[in-house]
Amino acid sequence: MCKKPYYITTPIYYPSANLHIGNTYTTVAADALARFKRLTGYDVMFLTGTDEHGQKIQRIAEEKGVTPKEYVDEIVAGIKSLWEIMDISYDKFIRTTDDYHIKAVQDIFKKLYDQGDIYKDSYEGWYCTPCESFWTETQLVDGKCPDCGRPVEKAKEEAYFFKMSKYADRLIKHIEDHPEFIQPESRKNEMLNNFLRPGLQDLCVSRTSFNWGIPVTFDNEHVIYVWIDALSNYITALGYGNEDTSLYERFWPADVHLIGKDILRFHTIYWPIMLMALEVPLPKQVFGHGWLLVDGGKMSKSKGNVVDPVALVNSFGVDPVRYYLLKEIPFGSDGLFNNEIFIKKINSDLANDLGNLLSRTITMIEKYFDSVIPAPTAKEDIDNELINLALATPVKVQAAIDDLKIPEALEAIWDLIGRANKYIDETTPWILAKDESKKERLGTVLYNLVESLRFASVMISAFLPTTSSKINEQINSEVTTWNSLSAFDGTSAGTKVNKGAVIFPRIDVEAKLSELEALRQEQLKATEKKEMKPIKEEITIEDFEKIDLRVAKVIGCEPVKGAKKLLKLKVDLGGEERQVVSGIAQYYKPEELVGKSIVLVANLKPVKLRGELSQGMILAAATDDDGKLFVVDPGNLETGSVVR
Ligand code: MSP
């Protein structure tokens, strides 16, 4: 039978985004859906990738002294390894620096220009000269550059624009006619009422102020500005605009673009309009999930509350992290990541419910049946409740996933796990084991438990793949297809179980919390250290040459009366003596300086400090917090030498 195609995408990530648990969330959710669709018989294309162009990347690369491509190559390798750690089963990874993507985007831009949807005009905004960035009024923070905090000024640059308004009515109609197009429902109204109905502004789609982007083929001053480049990935990855379009023909339109709510506008307004202009069918659905918050709100580096998924996986394993993200965050709304709730959930749902069910079942089979799974030969009515629930659960799970309700799907599976645990308490196998005449009944109970575990394992394989494999190994099951869940008989009696390690050891909550806090403090310190002070506004060599720096020798030094921080130095410039007042008393005793060579800003306008004349300034290197200071040492250069 020919499988039905299913195409799911995540956003393509900015390499500068410094991936945290929030970004990881989108991809873990997409992975669960992709795995589930594969499990239930679809031919899946699961796309993810990286969005590598833009001014920010260019600037970071310049600061690091590497090319933008070298910079992104390194980060992309890190992102791919994160996805490996998180067990992400993507089918294709697109990079917007891939040749086929660049070519297709250039053709798309040209086509839109040729047909009159893109036109040239000028872009006016707030410009930050040191950052070379344009900002809109709303992006400014207190009227200043949101990146560096310096003043901005109104500026204009030539740019291409996309005529968004031309397609607005068609898009409104599409959204109204296809209630499933924007999900969850509340986000649909936000898009219609806040953006579409009040009228769309044309979108600026090129820039001339930086060049790390896809060049406009017919106007080489311009690079294509992010969204046309980024959004097109969903079709270029399938070969659109290139020779082999077989994947495009098979998988487009996408079944779902899974994204965070912050980029919903781009996906539900700009993207469909671009597609309409290209005469390409629209994706079937765009699902905007909520934010993953931490205590204290949004994650941010400066608050030191960014949760690093790799540290979590190292500490707890991958499936607890996946479980928490998928089960505890209501899919579609904001959710909280909290260490304590996370650890308690591992203990209750994974260690207690699932882990215990497995270890109790295997231990009893080992003890009472020499590790061989017995046949279910002595059924009783009480079994039906468990069996019926097992048979009903896959149907519930599938319905929940069809509605993109991932937490509900997991809840249904955990209901079955809970029911199986209750079944142990009801049937009391340890009492049955005491009576030889109840051996067959005991065997039936244990068979039902193994089969329930098999059901759970097949169903969780989409969400917790590693755990599912571990369960299969211990119950020694190779019957792992979704279809095998239509009957409660997939386990083969006579098979030997393999008792293995406890799949989720219980965690000491207090001890682990303090360990995590220590780790957080360490990371905070590390990032603080790495945070570089912004470089001041650029100057020319001519500006610099105005400063006259000279090697001078300290020939006398004493404190300035009544000023704890100041020293008064007498310095010899090689032919001229001067008095200089310097705020270095906390770091040097007068006698340590006498006889030392220093570097003096010799043409600084003299000032009086605490009534003392200061004819110049001594160069020193210091930490921001007044912790350390060192007077710059010119070595044994002759007094009076010029420093350039
Ligand atoms: N490059 C664009 C997407 C282009 S798609 C054609 C981008 N990249 S991103 O790296 O900044 O974000 C990637 C995804 O992470 C987005 O879906 C964003 O919503 C999501 N998240 C970023 N922080 C998040 C949370 N704190 N919580 C949940 N999702 C978060 O945007």
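The values are calculated or read from the model by the stated rules, or taken from the named source; none is laboratory data. Note that this is a predicted model, so its numbers are computed, not measured. Note that each Cβ is placed from the backbone with ideal geometry, even for glycine, and that neighbours are counted across all protein chains shown.
Structure data summary
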item	result
Unique match (being closer than 30 Å to E249 by Cβ and within 17 Å of the chain's Cα centre (by Cα)) among A29, A17	A29
Flag if M299 is within 12 Å of the ligand (Cβ to nearest atom), crowded, with 17+ Cβ neighbours inside 10 Å and not hydroxyl-bearing (S, T, Y)	yes
Inter-residue pairs, beta-carbon under 7 Å, first over 18 Å from R207 (Cβ atoms) and in the range 140-158, second surrounded by 15 or more Cβ atoms within 10 Å (Cβ to Cβ) and aromatic (F, W, Y), 6+ apart	L140/W126
Contacts under 7 angstrom Cβ, first residue in the range 192-209 being farther than 14 Å from M164 by Cβ, partner loosely packed, with under 14 Cβ neighbours inside 10 Å and at pLDDT 90 or above, 6 or more apart	T208/E221
Answer residue from the range 440-495, given it is in a loop (DSSP other than H, G, I, E, B) and of a type in the set (V, I, T) and is farthest from S371 (Cα to Cα) among those	T481
So K80, is it more than 30 Å from D295 (Cβ to Cβ), modelled with pLDDT of 95 or more, among the basic types (K, R) and away from the ligand (no atom under 12 Å from the Cβ)	yes
Of all residues making up the range 179-214, the number that are in a helix (DSSP H, G or I) and of a type in the set (S, T, N, Q)	4
Criterion (of a type in the set (A, V, I, L, M), near the ligand (Cβ under 10 Å from one of its atoms), out of contact with any Gly (no Cβ under 8 Å at 6 or more places or on another chain) and modelled with pLDDT of 90 or more) met by exactly one of L312, L238, L292, L325	L325
T48 within 14 Å of the ligand (Cβ to nearest atom), at pLDDT 95 or above and within 30 Å of S484 (Cα to Cα)	no
So Y119, is it at pLDDT 85 or above, farther than 30 Å from A34 by Cα and assigned to a helix (DSSP H, G or I)	no
Whichever residue in the range 345-375 is among the small types (G, A, S) and surrounded by fewer than 19 Cβ atoms within 10 Å (Cβ to Cβ) and, among such residues, is nearest to the chain's Cα centre (by Cα)	S348
Failed item, numbered, when I382 is tested on (1) under 18 Å from E473 (Cα atoms); (2) surrounded by fewer than 22 Cβ atoms within 10 Å (Cβ to Cβ); (3) of a type in the set (V, I, T)	(1)
Some residue of the range 258-270 being more than 23 Å from G22 (Cα to Cα), surrounded by fewer than 19 Cβ atoms within 10 Å (Cβ to Cβ) and of a type in the set (V, I, T)	no
Number of the condition not met by D255 [criteria: (1) within 26 Å of I401 (Cβ to Cβ); (2) surrounded by 17 or more Cβ atoms within 10 Å (Cβ to Cβ); (3) within 15 Å of the ligand (Cβ to nearest atom); (4) charged (D, E, K, R)]	(3)
Hits in the range 1-44 (condition: more than 16 Å from the ligand (Cβ to nearest atom), more than 21 Å from Y324 (Cβ to Cβ) and modelled with pLDDT of 95 or more)	K4, P5, Y6, K37, R38, L39, T40, G41, Y42, D43, V44
Tabulated pairs, the range 597-617, first in a strand (DSSP E or B) and modelled with pLDDT of 90 or more, second surrounded by 20 or more Cβ atoms within 10 Å (Cβ to Cβ) and hydroxyl-bearing (S, T, Y), C-beta under 8 angstrom, 6+ apart or interchain	S614/S582; M617/S582
Which listed residue, of G78, G49, is touching a helix residue (DSSP H, G or I) at 6+ places or on another chain (Cβ under 9 Å), surrounded by fewer than 16 Cβ atoms within 10 Å (Cβ to Cβ) and either in contact (Cβ under 8 Å) with a residue 60 or more places away in the chain or closer than 30 Å to F331 by Cβ (or both)	G78
Residues of the range 159-178 classified as in contact (Cβ under 8 Å) with a residue 40 or more places away in the chain, in a helix (DSSP H, G or I) and among the hydroxyl-bearing types (S, T, Y), total	1
Residue that is farthest from the ligand (Cβ to nearest atom) [pool: residues in the range 215-235 that are of a type in the set (A, V, I, L, M, F, W, C) and in a loop (DSSP other than H, G, I, E, B)]	F218
Total residues in the range 259-270, condition more than 8 Å from the ligand (Cβ to nearest atom) and of a type outside the set (D, E, K, R)	4
